[in-house]
Amino acid sequence: MAAEPTPDLIKAKPVPRPGVWVGAVIVAVLGLGLVDSLISNPEYRWQTVREYLFDPRVLSGVGWTLLLTAGAMVIGIVLALTIAIMRMGTNPILRGVAWAYIWFFRGTPVYTQLVFWGLITILYRRISVGIPFTDVTFFSIDSKLIFTALVAALLGLGLNEGAYLSEIVRAGLNSVDKGQWEAATALGMKRGTVLRRIIIPQAMRVIVPPTGNETISMLKTTSLVLAVPFMLELTFVTNAIGNRTFLPVPLLIVAAIWYLLITSILMVGQRYLEAYYGRGFDGEQAGGRRVRGMSRRQQAILAAGTVKSDPTLDVTP
Amino acid sequence: MNSMTEHVSPPMVDVRGVHKFFGDLHVLKGIDLVVQRGEVCVVLGPSGSGKSTLIRCINEMEQISAGRLYVDGELMGLREEEKGGRTVLHRLKDAEISRQRSRIGMVFQRFNLFPHMTALQNVMEAPRQVKGVSKRDAEQRARDQLARVGMSDRAGHYPAQLSGGQQQRVAIARALAMDPELMLFDEPTSALDPELVGEVLGVMRQLAASGMTMIVVTHEVGFAREVADQVVFMDDGVVVERGTAHQVISNPQQARTRDFFGKVL
C-alpha cells in the first residue's frame, strides 16, 4: 500500500490556566500541613493506636460488627425482594401492606427503631399466636427468649434496611424490558422461573451498585446498636476502652482504621459483583473479563434495549 | 362435532369469532381464521389493523374478550364446564397456560433475546427450565437448532455482540428448541436494517419448507407471495379478504385491499 502523505499535524500550546495551578498549590500545602500534624502532634498517640489495633476485645468487636452488617443485609435483601414483588403485584392488600411498611420504616430514624426493638420485651411480655380480637390462642412464649439483644439489633437494622432496599429492588425489576417477560412466558416459563432466571439476573445490574453503597452504609450504621443496647460491636468496644483509659482519640482512630479497611474490601467485592452481573451488557467475550470501558458498556446496554436509559430515575417514589 | 369429522385431526389453529377490547378500544371485531397443519398463513395489513394483537391472542399474551380460540383442537386459556345444561367458563391456571404456550413458538419484532446469556444459553434455557431436559441433551439440541439457522459459529456470543439479523435467527432457534407445533412471527423483520432482512426471511422460508405450521405477521409482501399458502388481509380489526397470495395480493376483490396493495407495491 502506498504511503499516504502525512498532514501537517497541529501542535498548539494549551490554554494557560494559572488559577487552577494556584489552587492546586494551596490545596497541596494544606494537605501536607495535615499530614505533618498527624505525624508531629503527640496527642494522636500512635503508639497507643498500634497497641490497641489488634487487641482481642477490638478484634471481637470487628467480628460482631461484620456479623451485624452481614445479618442485617441478608434480612434486608430477603425482605426487600418480598416487598418489591408484593408492591408490583395486583393484590390490593399485599400492595397496601408493602406500601405501609416502606412508609413507616423509611419515615422514622433508625435510632428510634433500635430503641424500640430494645424495649419490645417490655412492650410485649409474651408472644402469642392466635386470632386477632378474640381470646383464641394457639401458643404463647416469653418474649425475652426470642428478642435477645442480638436479635433485636439484627431485626432493627434489617427491617430498616429492607425498606430502603425494596425501593432499589423495585427500580431494578422495573428497569427490565417487558419484552423479556413476554419472551420468557411465551416459551412456557412460569412466573417464578421467569423472575429467577430472566428478570432478577438482569435487574441485578441495576440493583448491585446501590446495594453496595447500602452495605457500606450499614457497616457504619451498626454503631447505633448501642441504642438496643447491644454492647459488643466495634464502636461501643473502642469507646469503652477509650473512656476507661482516658485516651478517646487513639481508640477512635483504631475504630476508624478498621471501618476503612472493611469498606475498602467491600468496594473491591462490589466491583467484582458488578462485573459479574454486567456480563452480556458490555461487549466482553463469553466468560471473559471486561475488556472495554464504561462508555462502551453504556452503549451496549442501550443497544440491548432491555433497560431504560436511566434506570435510577425512579428509585424513590 | 359430528361423526363425519370425528377421525379427521383438527386444524392447527381455529379462531372463532374472536373479539378483543383494550378498555374501550375495540381492536379485534370478530375474527375467524383456520390454519391447517403444515400451512403457512401470512397476515398482512396496515399498522393498527389488529394483526399483531391477533397472534398475541393465539399464545395468550393477550386474553381474548369474546369468541373461542383452539390450537390443535384444544381450547386456549379457558375450560368449559357443562352445568345443568349451561356452559360455565373457567380461566385456566398459570401452569396450564404455560403448558399450552410451551407448544407454540413465538418470534418477536425486537428479538427479546436474554442479554445476560450467550446465544447457546438462550436456546438451552427453555428446554432446561420448562421441560427439565438434561444439560447435555439441551446443549446438543441447542447446537442443532443454531446450526439450522446458520448460527453455529456464534454460539458463545452474547446478543449485544450480534447483528439484528443474527439475533433474530438465534431467537428463531430459541423458539424451535421447544419443538413447537406452531410458530408465530410478529413482524420478525420490521426492526432490521434492510440488508439484514434477507437472512431472516431465508431461515423462515427454509422452516416453511420443512413443513412447520406458521402464522406470520409481516409487511414483506414478497415473502407472502413466495411462501404463503394462505394470505389474510386485515384492516380495522376485521379480516377484509383471504385466499391464496395470488387472489389477495395480485387480484384483490375488496376496495380496501386494492387500496393497500396499490400503496405498498
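For chain B, calculate the relative contact order in percent as a whole number, restricting contacts to Cα pairs under 8 Å that are 6 or more residues apart.
Contact order relative to length: 25 percent.
If you build the Cα gyration tensor of the stretch A:6-111 and take the root of 5 times each eigenvalue, what three semi-axes come out, in whole angstrom, biggest first?
49, 35, 15
Calculate the radius of gyration of the Cα atoms of the protein assembly as shown to one decimal place, then report Dmax, the largest Cα-Cα distance, as a whole number, both in Å.
Radius of gyration, then largest Cα-Cα span, for the protein assembly as shown: 32.2, 106 Å.
Report the local net charge at A:Leu123: Lys and Arg +1, Asp and Glu -1, summed over other residues whose C-beta lies under 15 Å from its C-beta.
Its environment carries a net charge of +2.
Of B:Gly222, B:Tyr158, A:Pro42, which is farthest towards the positive pole of the protein assembly as shown's charge dipole, taken about the Cα centre with +1 and -1 on the beta-carbons of Lys, Arg and Asp, Glu respectively?
It is A:Pro42.
Quote the charge dipole size of chain B about the Cα centre in Debye, to the nearest 20; the model charges only the Cβ of Lys and Arg (+1) and of Asp and Glu (-1).
The dipole of chain B has a size of about 420 debye.
In the stretch B:68-118, which trypsin sites (Lys or Arg not before Pro) are in a loop and have at most 12 other Cβ atoms within 10 Å, using DSSP for the loop call?
Answer by residue number: B:Lys93.
Can you compute the modelled spin-label distance between B:Glu81 and A:Ile93, with each label point 7 Å from Cα toward Cβ, in nm?
Simple spin-label model gives 2.3 nm for this pair.
Suppose every Lys and Arg Cβ carries +1 and every Asp and Glu Cβ carries -1, with no other charges. What dipole size does the stretch B:32-133 come out with about its Cα centre, to the nearest 20 debye?
180 debye
Please identify the DSSP H helices in chain A that span no less than 27 Å along the helix axis (Cα) and have a mean Kyte-Doolittle hydropathy of 1.6 or more.
The answer, listed by residue number, is A:18-40, A:56-88.
Between A:Arg244 and B:Asp94, what is the label-to-label distance in nm when each label sits 7 Å out along the Cα-to-Cβ direction?
Simple spin-label model gives 5.5 nm for this pair.
Using only Cα atoms, what is the ratio of the radius of gyration of chain B to 2.2 N^0.38 Å?
Taking the Cα Rg and dividing by 2.2 N^0.38 Å, one obtains 1.04.
Give the lysines whose C-alpha is closer than 24 Å to that of B:Lys20, dropping any in the same chain fewer than 8 places away, or say none.
Within reach: A:Lys178, B:Lys29, B:Lys51, B:Lys93.
Find out how many positive minus negative residues lie around B:Met151, taking Lys and Arg as positive, Asp and Glu as negative, among other residues whose Cβ is under 15 Å from that of B:Met151.
+2
Tell me, what is a quarter of the convex hull surface for the C-alpha atoms of the stretch A:152-199, in nm² with one decimal?
3.9 nm²
Please compute one quarter of the surface area of the Cα convex hull for the stretch A:107-231 and express it in square nanometres.
11.1 nm²
Starting from the exponent 0.38 and prefactor 2.2 Å, build the expected Rg for the stretch B:49-96 from its residue count and divide its actual Cα Rg by it.
After normalising by residue count via 2.2 N^0.38 Å, the value is 1.26.
Farthest toward the dipole's positive end in the stretch A:98-183, which of A:Leu157, A:Trp181, A:Thr121, given Cβ charges of +1 (Lys, Arg) and -1 (Asp, Glu) about the Cα centre?
The residue sitting farthest along the positive end of the dipole is A:Thr121.
Using the Cα centre of the protein assembly as shown as origin and beta-carbon charges of +1 (Lys, Arg) and -1 (Asp, Glu), tell me which of A:Gln270, A:Thr134, A:Val25 is placed farthest towards the positive end of the dipole.
Farthest along the dipole direction, towards plus: A:Val25.
Can you tell me the FRET efficiency between B:Gln253 and B:Val8 if r is taken as the Cβ-Cβ distance and R0 is 25 Å, rounded to the nearest 0.05?
Result of the calculation: an efficiency of 0.25.
Note down the relative contact order for the stretch B:168-226 as a percent, whole number, built from C-alpha pairs under 8 angstrom at least six residues apart.
That works out to 46 percent.
Quick one: if you stick a label point 7 Å off each Cα along the C-beta vector at A:Ser128 and A:Thr112, how many nm between them?
Rounded to a tenth, the inter-label distance reads 3.0 nm.
Can you check what the Kirkwood hydrodynamic radius comes to for chain A, Cα pairs only, in Å to one decimal?
Across chain A, the inverse of the average 1/r is 24.1 Å.
Bear in mind these aren't lab numbers, they're just calculated from the coordinates by the rules spelled out. What you are looking at is a predicted structure, and each value in this text was computed from that prediction instead of being measured. Neighbour counts are summed over all protein chains in view; Cβ atoms, including those assigned to glycine, are modelled from backbone coordinates with ideal geometry.
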